[in-house]
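Colleague: My questions all concern the structure below.
The values are calculated or read from the model by the stated rules, or taken from the named source; none is laboratory data. The structure displayed is predicted, hence computed values, not measured ones. Methodologically, a virtual Cβ is constructed for each residue, glycine included, from the backbone with ideal geometry; neighbour enumeration extends over all protein chains shown.
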Amino acid sequence: MSRSNRLKMRQPFWYLGFVILLSLLLVAMAACGDDETTEEVAAEPTATEAIEEFAPERVFQVQISDDHTVDSVAYHPDGDMVAAGAFLEAHLMNPEDGETLDVIDFDHSIDDLEFSPDGSLIAAGQGVYGVQINNVDDGSVFNDLHGGYDNRLAFAPDGETIATANRNGVLWIWDVETGDELHEFVPPIEEFALSIAYSPDGELVALGNWDGDVFLFNAEDGELIRTFENPEDFGYAHDLAFSPDGEHLAIAGTRADRDDVLRVWVVDSGDEHGVVTLESDTRAVAYAADGAQIAVGDRDGVTIVDADDLTVIFTIELDAPPDVSAWVTDVDYSPDGRFLLFSRWDGYVELWRIKE
């Protein structure tokens, strides 16, 4: 066989080896490329996405103040009325369409607002001039409890007593019917009070302050049961909410590094159940009636999280213009847990259907 014929026979094998080597190299490069470009990133769900075949929807959006903030909201225990607190007045509204049914006058901004458990009274913690309790049916004043600045309040579950606090940093317990002061509970640190919550059984009352600490008292005698210390050097406990079973206490606040958080504590042990870090000023928190969800309001909207593992279920984003400060100032669930009510810094009140 001639030399030229032998070369012709070898040439295909040489090409075949080259092609195989080149193919393996291309496969390896493609695999590396996949690792770099297909990293899975969890998307944050929004209120426009279906959640288990249900998409949350807004029932109404109403602006009740053109010049002032709306700092507080409350759902009536019967679910047939909602209230929103603005400057000098509380609006009683129809939850079906946001129509104002009545307006109750106050002396200043309404920083905190709550219906009594039987729904006959509404109490307002005012920016100035203390706490005022009014009759829901005719708006008349039922009791004026005290003066002071930046007042907070919470009705006891039985409706017979009400807890209040303000810049003084102490917690007062009052007889709702007579307006008499029953107790004064003094925490270890008398710091600007920001939030109050009663446990569902009425045996405990929690007080959150400017430093981010929360003091848990026996509601009968004022014994300090526990302090949930802010693990940072500085922060706020803007709002508090007990879970319906009383096992957990949720705090909407801020840490020293300015991270805004939802922090949940175990009431009996004092252990931290978990933390959800949010992206903007966290001001309000509420549990759903069945205890399955926690709603937390911040500058961007409302985040709904699973109360067990604290994963985000969905978010409600505000539709305000970029140059408008419209953060959520307060949140409250309907008694059946199907609706979520919240107030906004820019004078709006919104109601969303979040469950079938």
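Colleague: What's the number of the only condition in (1) assigned to a loop (DSSP other than H, G, I, E, B); (2) touching a His at 6+ places or on another chain (Cβ under 9 Å); (3) touching a residue at least 24 places away in the same chain (Cβ under 8 Å) that E220 fails to meet?
Modeller: Tallying (1) assigned to a loop (DSSP other than H, G, I, E, B); (2) touching a His at 6+ places or on another chain (Cβ under 9 Å); (3) touching a residue at least 24 places away in the same chain (Cβ under 8 Å), E220 fails exactly one: (3).
Colleague: Somewhere in the range 46-59, is a residue at pLDDT 90 or above, closer than 30 Å to R299 by Cα, of a type in the set (A, V, I, L, M, F, W, C) and surrounded by 10 or more Cβ atoms within 10 Å (Cβ to Cβ)?
Modeller: The answer is yes, given that some residue of the range 46-59 is at pLDDT 90 or above, closer than 30 Å to R299 by Cα, of a type in the set (A, V, I, L, M, F, W, C) and surrounded by 10 or more Cβ atoms within 10 Å (Cβ to Cβ).
Colleague: Among D308, D281, D268, which is assigned to a loop (DSSP other than H, G, I, E, B) and either aromatic (F, W, Y) or within 22 Å of A74 (Cβ to Cβ) (or both)?
Modeller: Of the residues listed, the single one that is assigned to a loop (DSSP other than H, G, I, E, B) and either aromatic (F, W, Y) or within 22 Å of A74 (Cβ to Cβ) (or both) is D281.
Colleague: If you don't mind, another one. Using beta carbons and a limit of 9 Å, which pairs, at least six apart or on different chains, have the first residue in the range 194-208 and among the acidic types (D, E) and the second one in a loop (DSSP other than H, G, I, E, B)?
Modeller: D201/P157; D201/G246; E203/A219; E203/E220; E203/G246
Colleague: Just checking, which of D150, D175, D137, D180 is surrounded by fewer than 22 Cβ atoms within 10 Å (Cβ to Cβ), free of Cβ contacts under 8 Å to residues at least 60 places away in the same chain, under 26 Å from A289 (Cβ atoms) and among the charged types (D, E, K, R)?
Modeller: Checking each option against the conditions leaves just D137.
Colleague: Would you be able to tell me the number of residues in the range 291-313 that are surrounded by fewer than 21 Cβ atoms within 10 Å (Cβ to Cβ), farther than 23 Å from Y198 by Cα and either not assigned by TED's automatic domain parsing to the domain that holds D245 or not hydroxyl-bearing (S, T, Y) (or both)?
Modeller: Looking only at that region, the number is 5.
Colleague: Out of D112, D158, I need the residue that is loosely packed, with under 14 Cβ neighbours inside 10 Å and either touching a Ser or Thr at 6+ places or on another chain (Cβ under 6 Å) or at pLDDT 95 or above (or both). Which one?
Modeller: Checking each option against the conditions leaves just D158.
Colleague: When you check T254 against the structure, is it more than 23 Å from V62 (Cβ to Cβ), surrounded by 18 or more Cβ atoms within 10 Å (Cβ to Cβ) and under 15 Å from the mean Cα position of the chain (by Cα), yes or no?
Modeller: yes
Colleague: Against the definition (over 30 Å from V59 (Cβ atoms) and among the acidic types (D, E)), how does D175 come out, yes or no?
Modeller: Criteria met by D175.
Colleague: Against the definition (under 18 Å from A165 (Cα atoms), in contact (Cβ under 8 Å) with a residue 40 or more places away in the chain and in the same structural domain as G159 (by TED's automatic domain parsing)), how does I110 come out, yes or no?
Modeller: No.
Residues are listed down the side, and each one gets a yes or a no for (1) surrounded by fewer than 22 Cβ atoms within 10 Å (Cβ to Cβ); (2) among the small types (G, A, S):
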residue	(1), (2)
D259	yes, no
D268	yes, no
G274	yes, yes
E279	yes, no
V285	no, no
A289	yes, yes
